[in-house]
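Some notes on the structure that comes next.
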Amino acid sequence: MKSLTSLCFLILLLFAGGRQGFAQTESPLTQVADTTIYDDRTGSDGHELILPQMALSMQEYNSFFHKHFISSKIMQENKIYTKLEVARVIEKDGTVSSWNVTGVGPAEVKSEVVRILKLLPPYTPGLRDGKPARFRLYQPFEFKHN
C-alpha cells in the first residue's frame, strides 16, 4: 500500500511539473496578433516600411475616379467648393476596413466620395520589416466647379 501511495505521489509530481513547464511555453494559440496601424504620416522608427500600393496606376486611378465622379448624381447636384481628406485603414490582406472623411463640404458629398472609393480593387498589402502590416493612408480631395 505504501508503494502504491508513493507511486501515485510520484505520478502527481510529474504531471504537475509537466503542466507547469507546458504553461510557460508560448504556443501559436497564445501569441498576440499585431493589430498596430502604421501611419503614412509618421516616421518608421528604424523599421523598413513599404506602404500599400493601389492596384491601378495613377493614370488609371484618376480616370476611374473622374468617370465615377462625372456620372454621380450627388456630385452633380452639389456644385459647391468641397475640400476633403479621406483616411482609410488598409488591412494586411489589402482590403480597406475603415474610412474617415474630414473637411468642408456636404455630408452627401463625403458619403459619395467613400462610395466611389469602395469600388476600387484591393491594395497590394503594406509591409513592415518584410511582414504584412496594417496602414492608415490619407488622401486629399478638392472639388471646384466652374
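Here is how the numbers come out for the structure above:
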| item | result |
| --- | --- |
| Lys92, sole failed condition from (1) at pLDDT 95 or above; (2) not in a loop (DSSP other than H, G, I, E, B) | (2) |
| Ile74 out of contact with any Cys (no Cβ under 6 Å at 6 or more places or on another chain), assigned to a helix (DSSP H, G or I) and β-branched (Val, Ile, Thr) | yes |
| Residues of region 119-132 satisfying the condition of being part of a strand (DSSP E or B) and either surrounded by 12 or more Cβ atoms within 10 Å (Cβ to Cβ) or among the polar types (S, T, N, Q) (or both) | Thr124, Gly126, Leu127, Arg128, Pro132 |
| Residues satisfying the stated conditions in region 39-70, i.e. part of a loop (DSSP other than H, G, I, E, B) and more than 15 Å from Val86 (Cβ to Cβ) | Thr42, Gly43, Ser44, Asp45, Gly46, His47, Glu48, Leu51, Ala55, Leu56, Ser57 |
| Any hit, region 106-118, residues being assigned to a loop (DSSP other than H, G, I, E, B) and of a type in the set (Ser, Thr, Tyr) | no |
| Candidate set from region 38-64 (those that are crowded, with 16+ Cβ neighbours inside 10 Å and among the aromatic types (Phe, Trp, Tyr)); member that is nearest to the chain's Cα centre (by Cα) | Tyr38 |
| Qualifying residues in region 73-95 (those that are of a type in the set (D, E, K, R) and in contact (Cβ under 8 Å) with a residue 40 or more places away in the chain) - the one farthest from Leu120 (Cα to Cα) | Lys79 |
| Which listed residue is farther than 16 Å from Ile50 by Cβ, surrounded by fewer than 13 Cβ atoms within 10 Å (Cβ to Cβ) and β-branched (Val, Ile, Thr), from Val113, Val89, Val104 | Val104 |
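Rundown of residues vs (1) modelled with pLDDT of 95 or more; (2) out of contact with any Leu (no Cβ under 6 Å at 6 or more places or on another chain); (3) surrounded by fewer than 17 Cβ atoms within 10 Å (Cβ to Cβ), yes/no style:
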site: His66; (1), (2), (3): no, yes, yes
site: Ser71; (1), (2), (3): no, yes, yes
site: Met75; (1), (2), (3): no, yes, no
site: Arg134; (1), (2), (3): yes, yes, no
site: Tyr138; (1), (2), (3): yes, yes, yes
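The values are calculated or read from the model by the stated rules, or taken from the named source; none is laboratory data. Since the model is a prediction, treat every value here as computed from it, not as a measurement. Neighbour counts run over all protein chains shown; Cβ positions are idealised from the backbone, glycine included.
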